[in-house]
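Below is one structure, written out as structure tokens, with a few remarks after it.
The values are calculated or read from the model by the stated rules, or taken from the named source; none is laboratory data. Small disclaimer: the values here were computed from a predicted structure and weren't measured. With ideal geometry, Cβ positions are generated from the backbone for all residues, glycine too; neighbour counts draw on all protein chains shown. For the accessible areas, the whole protein counts, side chains as well, though only heavy atoms, and no ligand, DNA or RNA atoms are used. Shrake-Rupley method; radii C 1.70, N 1.55, O 1.52, S 1.80 Å.
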Amino acid sequence: MCEEAEDDRQYNRLLWRSRRGMLELDLVLVDFVRARYALLPCAEQTAYRGLLDQDDWTVWEWLQRRATPPAEYAGIVENIVAFIADGVLRRRD
């Protein structure tokens, strides 16, 4: 377990921060947190929290592989890209 173990309030805050101004990014990140965040190693969890401080368009470009993320985010970006490829995103009808 990570040193910064997340309680319910911290987890809910993380979910809230994963909601973005860009709908496409919002759908991906919220679902990723719900499905995979707790399973990530501590370093990846830290990288994810840092990713949330980045500009939406920058993150979107990384996830679309139109730009290369800095090394500190490369692993978490690959995790999210794999999550997208797995097709486990919820449909919101």
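Rounded to the nearest 0.05, the FRET efficiency derived from the C-beta distance between GLN64 and ALA38 at R0 = 25 Å is 0.45. Across region 10-24, coupling constants 3J(HN,Hα) worked out from phi with the 6.51/-1.76/1.60 Karplus curve, θ = phi - 60°, read 5, 4, 4, 5, 5, 4, 4, 5, 6, 6, 10, x, 9, 3, 4 Hz, and Gly and Pro carry x.
The relative contact order of the chain comes to 30 percent, based on Cα pairs under 8 Å that sit 6 or more residues apart. With protein chains left intact and a 1.4 Å probe, residues in the chain average 64 Å² of accessible area per residue. What the phi angles of region 34-51 give under the Karplus curve with 6.51, -1.76 and 1.60, with θ = phi - 60°, is a coupling list of 4, 8, 10, 3, 5, 8, 6, x, 3, 4, 6, 4, 4, 4, 4, 4, x, 4 Hz, glycine and proline written as x. Checking [x] 19, 16, 13; [y] 38, 22, 11; [z] 25, 17, 12 against semi-axes √(5λ) of the Cα gyration tensor in Å calculated from these atoms, the matching label is [x]. Per residue of the chain, the DSSP helices (runs of n ≥ 4 H) give a summed -39500 (n - 2.57) that works out to -19000 deg cm²/dmol at 222 nm.
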